[in-house]
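Here the structure is laid out as structure tokens; the discussion comes afterwards.
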Amino acid sequence: MNQSERRERAAQEAAEWVLHLADQNMTRAQRTEYVQWLRESPLHVAEMLRVAHVHTALAHFPRWKDIAPLDVSFPPATTVELSRSMNRPDNCTAESPRHRPASRRSARFWVAAVAASVVTMGVALTYIAHFGPQTIDTGAGERREVTLADGSVVRISPNATLRVRFTGHERRVLLSRGDALFRVAKDSTKPFLVETDRASVRAVGTEFGIEHQGDSVVVTVEEGRVAVTQEATAAAPARVNSLSQIEVSLGADQQIVVPQAGPMGLIRKVDSRRELSWADGRLVFEHDSVEEVVRRFNRFNRVQIEVRDPKLAARPVSAVFDASDPEAFIVFLESVANVRVTRPSPDVIVLTSEGPT
């Protein structure tokens with residue numbers, strides 16, 4: 001299911017939940033089902049708030065109350081698949097909103113119900129940006145998915161900071177640290193601009209990732225096109241017609257590295273899904289060194305791994321891991337090399353060699 005289909009489905013489900021919330025006879029199980037649906041995705045919360053806004057506007061239409069409601073029923077095929085982790089009593093069956101007739105109540109009631117349910121589930125679990133300036137921070141081991149006010153979706157790595165500001169003519173994001181994957185909502189009248197201390201990336205409707213790797217910034221495009229411009233720094237001051245000011249256009253499955261000093265690197269052809277798999281919580285390695293694997297794991301986790309043997313650090317690794325599971329990597333390494341593992345503290349794992357590696 002692509003982004004457009006996910007958004008369309010979420011919008012339909014949000015509309016159905018609005019009708020269901022108008023029924024003051026909702027059972028506890030039904031409320032639990034609704035809260036679980038909200039918690040499944042920030043997109044669900046965004047669509048619920050959007051539909052609530054539309055319905056409130058309609059409620060102010062002078063003859064809105066004179067329009068008779070439809071007797072709506074929905075086919076079983078559109079039933080929401082709930083997470084298996086939801087705790088529901090065995091003797092309590094939630095009736096789906098798709099099989100109940102729509103009933104009209106005052107807009108105030110169901111808007112209040114939406115707000116109450118969002119509070120119940122914990123607003124901290126989701127973040128819906130508005131048009132005012134916003135700052136988003138993630139801590140160690142914390143990954144987040146954020147739906148911005150324009151419908152764009154940002155997937156953010158741990159230890160990242162974004163500042164979002166939308167105006168009437170542009171959408172601007174400052175990524176001062178960490179990594180982010182952007183799925184930009186199309187709007188030809190308002191370019192989407194992401195800035196770092198190394199480069200700026202301009203897009204209209206596309207999907208791309210920006211990563212901080214050491215002193216460089218890596219831009220990878222999965223879909224559409226972006227324009228990348230290197231920012232002038234003390235090490236690469238602005239000069240008329242200098243290479244550092246050249247704008248480079250990247251297309252799907254292309255990548256470029258913007259260093260701290262000197263001109264941008266060459267455009268490379270890459271497997272963008274592999275390069276951006278970190279956004280899905282996966283780390284994919286193909287003949288990468290143990291040192292590089294450890295570096296990537298340390299960026300995503302509170303637990304930090306230290307490699308104290310140069311030969312072990314240089315050993316190549318080809319595997320796929322869950323980004324939040326460094327223990328799986330430790331087990332893997334123990335199975336292929338003579339490794340000694342010590343844990344001087346709960347958040348530190350030290351790797352050394354025991355004999356030839």
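Counting only protein heavy atoms and using a 1.4 Å probe, the accessible area of Ser345 comes to about 50 Å². Between Asn338 and Val35, the contour length at 0.36 nm per residue exceeds the alpha carbon distance by 104.2 nm.
Which order do the peptides 299-307, 201-209 come out in when sorted by mean C-beta neighbours inside 10 angstrom, highest first? Numbers along the way, then the final one.
Details: 299-307: 19.0, 201-209: 21.6.
Peptide ranking by packing, descending: 201-209, 299-307.
I need the shape label for segment 268-357. Rule: rounded when a/c is under 1.5, else prolate if a/b > b/c, else oblate, with a, b, c from the alpha carbon gyration tensor. It comes out oblate by the Cα gyration axes. Heavy atoms of the protein chains alone define the surface here; on that basis segment 172-232 has 35 Å² accessible area per residue at 1.4 Å probe size.
The values are calculated or read from the model by the stated rules, or taken from the named source; none is laboratory data. The shown structure was predicted, so the numbers you read here are calculated from the model rather than taken from an experiment. Note: ideal-geometry Cβ built from the backbone for every residue, glycine included; neighbour counts use all protein chains shown. Only protein heavy atoms, including side chains, enter the accessible area calculation; ligands, DNA and RNA are left aside. Shrake-Rupley method; radii C 1.70, N 1.55, O 1.52, S 1.80 Å.
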